Structures are given as structure tokens and as C-alpha cells.
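Asks: Here it is, the structure, as C-alpha cells.
Where a number appears in this text, it was derived from the coordinates with a stated rule and is not lab data. Source: prediction; values computed, not measured. When we count neighbours, we look across all protein chains shown, and the Cβ atoms used for this are built from the backbone with ideal geometry, even at glycine.
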Amino acid sequence: MDEFFTRSGRLLQRSGNQLYSRSGSYLGQLWNGKVFDPSGRYSGTIVGDRVVYRTIDSAASVAASSSEMCPASTRANRTGISIWGTEPNFAD
């Protein structure tokens, strides 16, 4: 399982094209360098190993998706970074 982090450093887990929170909750799918929530709405853009929300990309959407939870991670968060965009609004 690969890892991503939010702008502020929260750990996110990746399995294939699916993204999960640190606790294992399904956050959405990855498509063309963007993250889309389960209803298909834009949630963030992948920049290196970070996910940031960028309003310029917010008009994008895809088909709705769903997935089971994945195991929780014991890995640590990272420190936040200064990057163009804001913290994504992930539930967990």
C-alpha cells in the first residue's frame, strides 16, 4: 500500500486507484492525478506525495465509486508544507 499526505501532513493510504484515510475509511478514487470522493466530486490534486485542494481543478468530476474499508495504518503523519492549494476536506 502506497502513502500520500495532505498539505498539513495527515497520512493517506493508497491501494491501486483507491484512497483511504489513516483509519481505513474510503475517501475516494484517483483519476488523472486527482482525487474524487465516493460521489464523484473533486476532492484534491496529487502533487508529489501530497494531496491539495485547488479551486482551478474543482469543476472536474467522475462516476460515483465505493469500496470496503482497509486496515488502519500505524505510520506517523508528516509535517505540513507550504504548497499552492488548501487542505482537502476529508472526513477522517
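Asks: Restricting to Cα pairs below 8 Å that are 6+ residues apart, what does the relative contact order work out to for segment 2-57? Please round to a whole percent.
Replies: Computed over segment 2-57, the figure is 25 percent.
Asks: While we're here: With a cut-off of 11 Å, note down the residues of segment 49-92 whose backbone N falls inside the zone around a label point 7 Å from the Cα of Arg41 toward its beta carbon.
Replies: 89
Asks: A further question follows. Going out from 0 in 5 Å bins, what whole percent of all Cα-Cα distances in segment 32-75 drops into each bin?
Replies: Binned Cα distances yield the sequence 6, 21, 23, 20, 20, 8, 3.
Asks: Considering only Trp84, Ala63, Gln18, whose Cα is most displaced toward the positive end of the charge dipole of the chain, charges sitting on Cβ of Lys, Arg (+1) and Asp, Glu (-1)?
Replies: Positive-end residue among those listed: Trp84.
Asks: Dividing the Cα convex hull volume of the chain by residue count, how many Å³ per residue is that?
Replies: It comes to 83 Å³ per residue, whole-number rounded.
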